[in-house]
Amino acid sequence: MNGEWNGAQSPASPGGGHDESADCMENSVQDTVVCLGNEIKSRAVVKYSAAPPPTTYALLREKTDLKLPPANWLRESTQLGPAGTTVLGSSSKNKPFSSFGMAYDFIDSIGNDVDVVSDSENIKKLLKIPYSKSHVSMAVHRVGRTLLLDDLDIQELFMRSSQTGDWTWLKEFYQRLVDQKWQRKKKSKEHWYQKAILSKFLYYSISGDGAAEPVPGDSASSSKGDEGCGGGELGPSWPATFTIASSDPEDSASPEEERVSMDNQYALGHVASVTKEQNLPTLFNEGENSQGLRNDFARNILWTFEDIHMLVGSNMPIFGGGRYPAVSLRLRDNNKPINILTGIDYWLDNLMCNVPELVMCFHVNGIVQKYEMIKTEDIPNLDNSKFSTRVVKDIAQNILSFLKSNCTKEGHTYWLFKASSSDVVKLYDLTTLCEETAEEKCQNPFTLPVAVLLYKVASNMMKKSQNRKHYGTIRTLLLNCVKLLDQERHPQIIASAHCMLAELFQLDEPLEDGNGESLRSGGSEDSYSEEEEEEELPEDSDENGSCSGCSNPADASRAVAVIKSVGELSVPEKYTHHIRPNYTFPVSHDKEERCRHVLGNVLRGLKAVDSTIKKESDLPAADPNTPIPLKYEDGDDSSGHNVVEKEISLLLDRVGPGQENYKHPTRSGMIPGSWQHRIKLQLFLKASKAYYVLADAAANLLKYGRALRYVKLALQCHDAYCAVSSSLHPEVLFFHSQCLSLCGDIQLMLAQNASNRAAYLEEYSYQTKEDQEILHSLHRECSCQAFNMATDLAMDPEYQLFVSCKCYEAAYELLTSGELRKLHSEQLGQVLKRLGNIRNEMGVFYMNQAAAMQTEKEEKKGVSAAEQEMWKKSFSCFEKGLKDFEAISDAANTALLLCNTGRLMRICAQAHCAVSEDLNRGEFSPEEALYYNKAIDYYLRAMKSLGKRESHKAVWDSVNWELSTTYFTLATLLQDYAPLSRKAQEQIEREVTDAMMKSLKYCDLQTESARQPLYQYRAATIHHRLASMYHSCFRNQVGDEHLRKQHRTLADLHYSKAVQLFLSLRDAPCELLRTQLERVAFAEFQMAGQNSTSAKLKTLLGALDIMIETHHAFQLIHKELLEEQQASAASDVAVPESPDGSASSGLNTEEVLKLIGVFEPSFSFILLHLMKLMSTSKRKPVAKEEEAMKMYKQVYSRLLRAEKTAPLIQRVALYLQLLQQLTPNSGDSTNGAPR
């Protein structure tokens, strides 16, 4: 055979010693890939070693008598460990849990990376099944994709069953179905003789003195040995059990030894330490440890044989030194050739330990004859022991496939059994057999170790794996762990498992769309859900191991699976294709469902903890179904506010960082620091977080009653947490601030949606049974009433706003205390923003209250004290909100609060308007001016805080509009209710002009927006009002011609601008008509002051042109009237007529009628005076003037004959005809008429 080795390959020198100091074997060959014949691959990595570095073995002189004990035999040695660790035979009880010790130590590898964990002796025994007639009895357990194999010594267990009663049910089953005449088989004298000379041979080899004098005494008695002495584990590199095969390797035993510290200075490779879980108790006492729950192997090796990954424990002694860093040492009887079983045994031992060579010492009747060195790759070709390595590989793969296909249920104990001289291998489910036994004492001794291992593997996966695809596997492991345990006996493990199950659901993670499929299908190929197992198990399948050929039908019906002939194991891939697909429990993606899973596990964990402490009768009664009465009275808001303030302050004192070392006594009697205390803290916190997530989700769905109920439960859980916690971690305080902040959000939304209060009350009152039970568990630790005032559903919006503000203030105080200020600056900014927002809401609420009081006052005489109180409250809230937003440099919200403060000032100004005795509006008062100017100051500050429009366009436009409106209102009031008793007319005019122009400055006519038409209308109105003011000044001004001329010019300018803006609007025909008529009146007034006929004629023609321009306004009015008439006709609804015959509509018909009342006389006046002036002219009229004269007469005549009682739409239509009649010739007549 060809082989590749990383070590010395020359035979040892017959000289005995080596000059060079030996290197540690594991350092030289701890990670070697071996390619054997037919491409068989083997790779061994030493994960842990408690053995010292290999030392050179001593070559014994020829004729050395091994029946005589050496001088160092059974004496204490630094190389061998304490005295008594090396014994003859097997004095200890069998250890059915050896694989569990390894699994506990190398928990990282369990469930995922490793296929098999077992003693190397068990691996060899399995791989020799087709070649051996010896019996095989092994316990098999499944954890994820890993199988744990342990030797189940039936004889030893049945001997113990009479004392412990653990295995009585198995003994009865064995006798009934397997071996009805079972008797304990005793070891032969030959067996103990071989053990004795092997032990002496190894001690001779260690001593280095081949001619050592024997110890005085009876050699016969020393060779007889004790059953308490063992010889299988001798040498410097195995301070634990070592067993080596004689001619029948199956008879070798595995005596127990004391565990060497894992921190041993000789440990190599990756040394796994047994990590104690925070919530895991000391699960085993010394008696249980003596059963083999510790890892007592000299070496733990990760062995990869082809594609099979195995974690094996080995106690084989390894020697080395010089050119031979690693050899195994064997003793053989020269008269007995090496058989296949022994050859496979030696070959597998060397492969597992990565030893390249074997040194064989031959003896005859205990007398040393010779030494022979054999390379590991040559062992399969030795005479009388030839075997195919490829067949051994096929056996390994088939056995693993068979076991994985049928050992499907995690937590179950399976029994792999082959009777002596039998070809049938059977697999039984001992857990099912145990459950079927009615006796109370029928317990499976493997239950607790398996459950603990499931728990530890899940716990390790939780710590190591950040990938959510493993969460389904972890959940499966924990559920199976819980299923195995009795809550009364193992409440701590059950509580810890439920705590971890609750932790599985990451409540704060967003849902992932891309990985949904992989998460639902799970991440472990070897984890099952029970439902899937039952559905997919094939029945009576020959491929799966049918029992139809078994001689004992009853036995067959009990077996899970059967290998009908051991010869099948040698057939390549015989069982490979029978591995079934595996599944995991799916992890939910729905947030509410995840929270409910968490709360369910929290409840089960709390029940497990509560079962270990005081009984319910020892605690004060607390009925979760009884509502806790509110602590405020509806009739007195101030008392409710005081209670909330007191409650919040007490709460902050309780949870503040000043309480770090204060220990609160628990009502249930828990001892601080106990496992109950630690787990309850975790469960309370997890429940609080789950309820917080539920509250947040409900708030997002606008289910504010449900959200308030959930946040109340979250705060009650936190209250219980504070009651049992001696100190509060900053992250807990941070979470508490989040709960308070969310509570503030919900109370705010409830205040803003008062119309749905009945539905919210119904949501708030509902409670699930699970919530009630959790609350009942909380009441075992505290009354959970610390947050009642903050989480009650009040009926008063003001109270809800107040509570919301207090919640935010409490959250802010928490975040500004101690370490939280540095750790969560972003959250601090969010809370400050919420504080600013709620103070703005409260300010708006009080402001609206003040406005309502103002509206409801019957007599507007003075300002009431209640109004002033509302102003003060509103202003105080706005000021505090401004400080909050300024602290986080929130320019937009700062501007909005300044804007609201400006609005408050305007409400104050409106409340100070003067009212005369006849209840009419008086002059514009100084108080009004003061508050309007304050409002303007706040709006200007808001504009300044924004800087420029591009930063916050919407806010900028809003502030800009309010500022323009305030200036416009101020100017309008000054103009309409001029304070002439205090100021001169000219001063008032200047102030009006200044305010109007400033308002006009902030009218954004260029930017296209929803407010653009409003800005256009306001600008047109401003120009119209200014024009009217200058018109009035022009009429009333006497003497100063320069000033009169200036007023006339300004009036003309503003009238033309107003007309231009009104023309761009389609919904202001009345304003356009009024402006045009004022222009006509202005022209008529100018004509009255003129003396020249030509000047008068020119002025009148100009007025006529303005009158003709009213055609557009009448056209818009006529269109609206026509549309309304058609709409009413289509719906067959009678349109009520006004006394003048006009239809009531959206159009202000009353205003139209007033304007028509001005239009007709003015139109008639212009036409009449035009005809008079043209007829009295001294010069002869030209043809065009005569035509114009004729047209004026026709229009004037029709106007006079028009019916004053005709419907409005007919009158408007007439005016349109008359104006249209004048339009075509207006240009000619204008050109021809004297001006």
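Observations on the model:
- Loop-located trypsin sites (Lys or Arg not before Pro) across segment 380-433 with a Cβ neighbour count of 13 or fewer within 10 Å are 386, with loop assigned by DSSP.
- What the Cβ-Cβ distance of residue 767 and residue 489 gives, at R0 = 41 Å and to the nearest 0.05, is a FRET efficiency of 0.80.
- Across segment 325-461, the volume of the C-alpha convex hull divided among the residues equals 213 Å³ per residue.
- Positive dipole terminus of segment 786-826, leading residue within 818, 808, 797 (C-beta point charges): 818
- Karplus 3J(HN,Hα) series, Hz, for segment 757-762 with 6.51 cos²θ - 1.76 cosθ + 1.60 (x for Gly, Pro): 4, 4, 5, 5, 5, 5
- Per-pair calculated FRET efficiency, R0 = 45 Å: residue 193 and residue 436 via Cβ, rounded to 0.05: 0.50
- Using a Förster distance of 51 Å, the FRET efficiency for residue 1160-residue 785 (Cβ separation, nearest 0.05): 0.05
- Fully extending the segment from residue 1122 to residue 1045 would add 23.4 nm, taking 0.36 nm per residue of separation and subtracting the current Cα-Cα distance.
- Partner lysines whose Cα lies under 24 Å from the Cα of residue 1001, excluding those fewer than 8 positions away in the same chain, are identified as 934, 944, 948, 953, 1057.
- Scoring 714-726, 1211-1223 by mean Cβ neighbours within 10 Å over their residues and listing the highest first yields 714-726, 1211-1223.
- Ranking by accessible area, most exposed first, for 876, 1164 with a 1.4 Å probe: 876, 1164
- Estimated at 0.36 nm per residue, the fully extended path between residue 1193 and residue 949 surpasses their Cα-Cα distance by 82.0 nm.
- Across the options 912, 964, 896, the greatest Cα extent toward the positive end of the charge dipole of segment 847-970 (unit charges at beta carbon of Lys, Arg, Asp, Glu) belongs to 896.
- Segment 839-963, relative contact order [Cα under 8 Å, separation at least 6], %: 24 percent
- Positive-pole candidate from 863, 849, 881, dipole of segment 827-933, charges at beta carbon: 881
- Under the convention that each Lys and Arg Cβ holds +1 and each Asp and Glu Cβ holds -1, the size of the dipole of segment 890-972 around its Cα centre is about 460 debye.
- Computed packing ranks the peptides 671-679, 45-53, 189-197, 684-692 as 684-692, 45-53, 189-197, 671-679, most packed first, by mean other Cβ atoms within 10 Å.
- In order along segment 1160-1166, the phi-based Karplus estimate (6.51 cos²θ - 1.76 cosθ + 1.60, θ = phi - 60°) of 3J(HN,Hα) comes to 4, x, 5, 4, 4, 4, 5 Hz; Gly and Pro are listed as x.
- Across 128/187; 806/880; 67/189; 1172/1193, pairs whose alpha-carbon gap is larger than 19 Å: 128/187
- If the chain linking residue 334 and residue 887 were pulled fully straight, counting 0.36 nm for each residue of separation and taking away their Cα-Cα distance, it would gain 189.6 nm.
- The value of relative contact order for segment 347-418, using C-alpha pairs under 8 Å at least six residues apart, is 19 percent.
- Rolling a 1.4 Å probe over the protein chains gives residue 65 an accessible area of about 40 Å².
- Label sites at residue 731 and residue 1093, each approximated as a point 7 angstrom past Cα along Cα to Cβ, lie 10.5 nm apart.
- Over 27 Å apart at the Cα level, from the set 483/574; 386/574; 483/686, are 483/574.
- Sorting the segments 727-740, 121-134, 598-611 by their residues' average number of neighbouring beta-carbon atoms within 10 angstrom, most packed first, yields 598-611, 121-134, 727-740.
- Calculated from backbone phi, Karplus (6.51, -1.76, 1.60) coupling profile of segment 706-716 in Hz, x at Gly/Pro: 5, 4, 5, 5, 5, 5, 5, 5, 4, 6, 5
- For a label point 7 Å along the Cα-to-beta-carbon line of residue 1223, residues of segment 1028-1068 with backbone N under 19 Å: 1059-1068
The values are calculated or read from the model by the stated rules, or taken from the named source; none is laboratory data. Just so you know, these numbers come straight off a predicted model, no measurement behind them. So basically every Cβ, Gly included, is an ideal-geometry build from the backbone, and we count neighbours across all protein chains shown. SASA here: full protein model, heavy atoms, side chains in, ligands and nucleic acids out. Shrake-Rupley method; radii C 1.70, N 1.55, O 1.52, S 1.80 Å.
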